[in-house]
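Down below is the structure, laid out as structure tokens.
The values are calculated or read from the model by the stated rules, or taken from the named source; none is laboratory data. If you're wondering where the values come from, they're calculated on a predicted model, not measured in any experiment. Positions of Cβ are generated from backbone atoms using ideal geometry, with glycine treated the same way; all protein chains shown enter the neighbour counts. These accessible areas exclude ligands, DNA and RNA; they are computed on the full protein's heavy atoms, side chains included. Shrake-Rupley method; radii C 1.70, N 1.55, O 1.52, S 1.80 Å.
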Amino acid sequence: MLAVLALCIPALPVFAATPDEGKDLCPVVPRPLQYKQTGGAPFHLTAKTTIAADEALRPQAEWLSEALAAPTGWDLAVRTGTKGQIVLTIDTLAAPKPESYQLHVDRKGVTVKAHDAAGAFYALQTLLQSLPAQVHGTQRCANDLWQIPAFEASDAPAHPWRGLMLDAARYYYDKAFIKKCIDMMAMYKLNKFQFHFIDDCGWRLESKKYPRLTEVGAWAGSNEQRTGGFYTQNDIREIVAYASVRGVEVIPEIEFPAHVLSAIVAYPWLSCTGVQHQVPEQHFISRDLLCPGNPKAMQFLRDILEETIELFPSKYINIGGDEAVYTRWEQCPKCRALMQREGFTKASELQGWITNQVALWMQEKGRTVMGWEEIVMRGKVATPVVAVMWHEPKDTAEVVKEGHQAVIASCYYNYFDFPESSTPGEPQHARWCPPISLSKVYATPLSDYSPASSILGVQACLWSDQFIHGRALQELAVLNENRSEQYVEYFVYPRLIALAEVGWTPARLRHYDDFLRRLAPQYARLDAKGCNYRVPEPAIISLEEKGGRFTYTLAPTVEGADIRYTTDGTYPTVHSPRYTGPVTVDRKSDFLAIQVVTPTHYSLPLLTPPDYSAYKAYGQLTAQWQPLTVQPNLSPWRFECTGKVSGNGPYTLTFIPQRGTNALHLESLTLKKRDEVIATATPQRNADGTTTYHFTVSNFEAGTPFYIEVQACGEGGNDTSGLVFLQKE
Ligand code: ACM
Ligand code: ZN
């Protein structure tokens, strides 16, 4: 194996143990290119340890001293130069690639040779991950804890783009949370933060030239009921500076032509119709667009972009560009005149026209335009741009043929507002794509379709529209004002750590089992950081069938966690029997197990999902009824069908009884889009005991919740249970 590696990377000394060698002690995530414990005496950090750095690396040296201050209780001296026990230098011979570093630790001290400030910062992150988890915390620990085993590492990222997009428009996260996000990204060597702070529901970037954007556009509701917020220009400068020390580029996303209702509310003349709207209080995707036929609206765009680039030194400026529906442009005399002048036959070509203009303006200022994949799919864009591919990674092939670059941020692999599993108990989440498990994130196809140089890397997206809204949050605030932030962290971790490794570590060194081994001790680091995460289920090491019985052998996936289980098909609790060895059950569905980190932080159950393949012809399982949900008198029973109602057209809903001697009696049905009734139906009782309803959806809206309500009761008792399926015809 070593020989093979040496052949692949002849320029580098090969001392990395490969995962299958059995003595690989690398604890670091993302996996460094090369990491070896050298077996000598460890380095002891003491109150006298001095950090010395090249002038250019002084911010990183000071960052280290600050990071160590709380857990050690020491104020380690930082000096310029090379006299110290921890020495940081720029050395582009030792570290030839951007963001790369070499790290050497022995009894005498720590030496970092970095290509640049980011490389030095990443060396320090590798160093911290080689110290106990408490190093990330704020509690002072015993002095003898601070030993670093002797090791050497040589490391560089496989991809220059390792990103996270946070939707701070649908929900306003305060500055402290934005900084925490950046800090967590930096811990795992992520380097691009796409700040999605403009959308229909809120404009959150202060503008001096257009003050109504935040005076009006940042707030939903009125008076004391109003919710929202915005980032002042000083907030932005502070966030950008904070990120810069940590190697993170903050990329503003100025969304247009769609998703800008908040700006149109502030300045109605920006849209084709000029109609005065209100900032929506619930998730809403507006059909109103910025009017490119109006020179004043184009001037607004230019002014805002110019003000934005003064605040953000980033190489990239993101211009959004997703999900525009062009009916307003088709109906607008000014837009039609512009189309005629430019010789366009389709209104969508106007989007390409604006993109071309903006790309040129930004090129003149030395910036590169990027945006969602639509920016290169609505007419030819002459200036090279970067497209964020939010659907199919394979579509990158077309994009790069046109001379553009791409970042993979696929809704099938990298959208963290989808849950990790379909196990009941996941918090409210987006539903228009299937769940995205940790292993799915790790399998993101990154360079399979196009030359690696055209695919800059990978990015996670955390949309806030499906599970957080101003109104709901205000109601929750009394209970727990950090609840939304904790929601976000539940969705983001540990998946962001998997994404970080996809972006950083070359595919040949990425092995999921090895990743899980290094991930298990990371949870204690997240705990020390005060960062919430989704506790993973325990792992099944083996499942053996013998004489019709099933024996489960499990292992924890979080270092130090307990496993609790049941053998009667019920959900385990933290008080259920503790797993100490293999467990045998009659039916797989009888065995459920949870992983317990603390009595209040534990996983959803590991379970064998029931097999519904026999009901495939009835569509998707949408609800289940149980004796407890069946009422004696006709009463409404409401269940959600978001995601199962997936477009306009006819649908069939089928109730299939499974157990019980009493029947479920069903009467009228209503289908609701949020609170609005959009269809009704009456039941048809079938000879086989099933009941069906037929209805048609004609004003479907993506991203909106749908509910079915039926009038139901038990006939002569409530011992009935069964399944409800929905089929789009
Ligand atoms: C997107 O999810 N609309 C980019
Ligand atoms: Zn117009």
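Details
- Residue ID - farthest from Tyr490 (Cα to Cα), chosen from residues in region 515-533 that are charged (D, E, K, R) and open to solvent by 10 Å² or more (accessible area, probe 1.4 Å): Arg517
- Matching residues in region 597-631 - criterion: being under 23 Å from Val724 (Cα atoms), without any contact (Cβ under 8 Å) to a residue 60 or more places away in the chain and among the β-branched types (Val, Ile, Thr): Thr608, Thr629
- Residue list for region 423-455, restricted to those being assigned to a helix (DSSP H, G or I), open to solvent by less than 80 Å² (accessible area, probe 1.4 Å) and out of contact with any strand residue (DSSP E or B) (no Cβ under 7 Å at 6 or more places or on another chain): Leu438, Ser439, Lys440, Val441, Tyr442, Ala452
- Number of the condition not met by Met377 [criteria: (1) within 16 Å of ligand 1 (Cβ to nearest atom); (2) within 22 Å of Cys201 (Cβ to Cβ)]: (2)
- The residue pairs whose first member lies in region 202-221 and is in a loop (DSSP other than H, G, I, E, B), whose second member is crowded, with 20+ Cβ neighbours inside 10 Å and basic (Lys, Arg), and whose beta carbons are closer than 8 Å, counting only pairs six or more residues apart or on different chains, are Ala218/Arg204.
- Number of residues in region 98-132 that are under 26 Å from the mean Cα position of the chain (by Cα) and among the polar types (S, T, N, Q): the value is 4.
- Test: Asp235 is of a type outside the set (A, V, I, L, M) and over 22 Å from Ala702 (Cβ atoms): yes
- Residues in region 679-729 that are over 18 Å from Gln624 (Cβ atoms) and β-branched (Val, Ile, Thr): Thr680, Thr682, Thr696, Val697, Thr704.
- In the set (1) open to solvent by 10 Å² or more (accessible area, probe 1.4 Å); (2) outside any loop (DSSP other than H, G, I, E, B), Asn318 fails one condition alone, (1).
- The residues listed here are Leu301, Leu338, Leu350, Leu305; of these, the one that is part of a helix (DSSP H, G or I), within 16 Å of ligand 2 (Cβ to nearest atom), in contact (Cβ under 8 Å) with a residue 12 or more places away in the chain and under 29 Å from the mean Cα position of the chain (by Cα) is Leu301.
- The set of residues in region 268-287 being surrounded by fewer than 23 Cβ atoms within 10 Å (Cβ to Cβ), at negative phi and either more than 32 Å from the chain's Cα centre (by Cα) or near ligand 2 (Cβ under 10 Å from one of its atoms) (or both) consists of Pro268, Trp269, Thr273, Val275, Gln276.
- Of the numbered criteria (1) crowded, with 17+ Cβ neighbours inside 10 Å; (2) of a type outside the set (Phe, Trp, Tyr); (3) in a loop (DSSP other than H, G, I, E, B), the one Asp235 fails is (3).
- Any hit, region 356-368, residues being within 16 Å of ligand 2 (Cβ to nearest atom), modelled with pLDDT of 95 or more and part of a helix (DSSP H, G or I): yes
- The sole residue among Thr584, Thr573 that is under 31 Å from the mean Cα position of the chain (by Cα), among the polar types (S, T, N, Q) and more than 25 Å from Arg517 (Cβ to Cβ) is Thr573.
- Residues within region 544-563 that are crowded, with 21+ Cβ neighbours inside 10 Å and touching a Pro at 6+ places or on another chain (Cβ under 6 Å), tallied: 3
- Cβ-Cβ distances below 9 Å connect no pair with a first residue in region 42-67 that is at positive phi, a second residue that is among the small types (Gly, Ala, Ser), and a separation of six or more residues or different chains.
- Filtering region 422-439 to residues that are within 16 Å of ligand 1 (Cβ to nearest atom) and among the β-branched types (Val, Ile, Thr) leaves only Ile436.
- Across region 321-374, the qualifying residues are those that are within 16 Å of ligand 1 (Cβ to nearest atom) and open to solvent by 50 Å² or more (accessible area, probe 1.4 Å), and the one among them that is nearest to Gly293 (Cα to Cα) is Val325.
- Which numbered condition Asn294 misses (of (1) out of contact with any helix residue (DSSP H, G or I) (no Cβ under 6 Å at 6 or more places or on another chain); (2) over 16 Å from Arg212 (Cβ atoms); (3) open to solvent by 20 Å² or more (accessible area, probe 1.4 Å)): (1)
So that you can scan it fast, the table gives a plain yes or no per residue for (1) open to solvent by 10 Å² or more (accessible area, probe 1.4 Å); (2) assigned to a helix (DSSP H, G or I); (3) at pLDDT 95 or above:
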residue	(1), (2), (3)
Gly119	no, yes, yes
Gln134	yes, yes, yes
Cys141	yes, no, yes
Leu166	no, no, yes
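- Residue check, Arg578 at pLDDT 95 or above, closer than 29 Å to Glu544 by Cβ and among the charged types (D, E, K, R): yes
Rundown of residues vs (1) within 16 Å of ligand 1 (Cβ to nearest atom); (2) of a type outside the set (Phe, Trp, Tyr); (3) closer than 30 Å to Leu499 by Cα; (4) in a loop (DSSP other than H, G, I, E, B), yes/no style:
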residue: Glu224; (1), (2), (3), (4): no, yes, no, no
residue: Ser244; (1), (2), (3), (4): no, yes, yes, no
residue: Ile254; (1), (2), (3), (4): yes, yes, yes, no
residue: Ala258; (1), (2), (3), (4): yes, yes, yes, yes
residue: Thr273; (1), (2), (3), (4): no, yes, no, yes
residue: Glu281; (1), (2), (3), (4): no, yes, no, yes
residue: Asp288; (1), (2), (3), (4): no, yes, no, yes
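- Total residues in region 387-421 satisfying the condition of being assigned to a loop (DSSP other than H, G, I, E, B) and within 16 Å of ligand 1 (Cβ to nearest atom): the figure is 12.
- Residue selected from region 456-488 under the condition open to solvent by 10 Å² or more (accessible area, probe 1.4 Å) and within 16 Å of ligand 1 (Cβ to nearest atom), by the criterion modelled with the lowest pLDDT: Phe467
- In the set Asp200, Asp174, Asp235, only one residue is in contact with a Pro (Cβ under 8 Å, 6 or more places away or on another chain) and either farther than 30 Å from Leu93 by Cα or of a type in the set (Val, Ile, Thr) (or both); that residue is Asp200.
- Region 591-617 - residue that is β-branched (Val, Ile, Thr), over 24 Å from Glu544 (Cα atoms) and in contact with a Phe, Trp or Tyr (Cβ under 9 Å, 6 or more places away or on another chain) and, of those, surrounded by the fewest Cβ atoms within 10 Å (Cβ to Cβ): Val597
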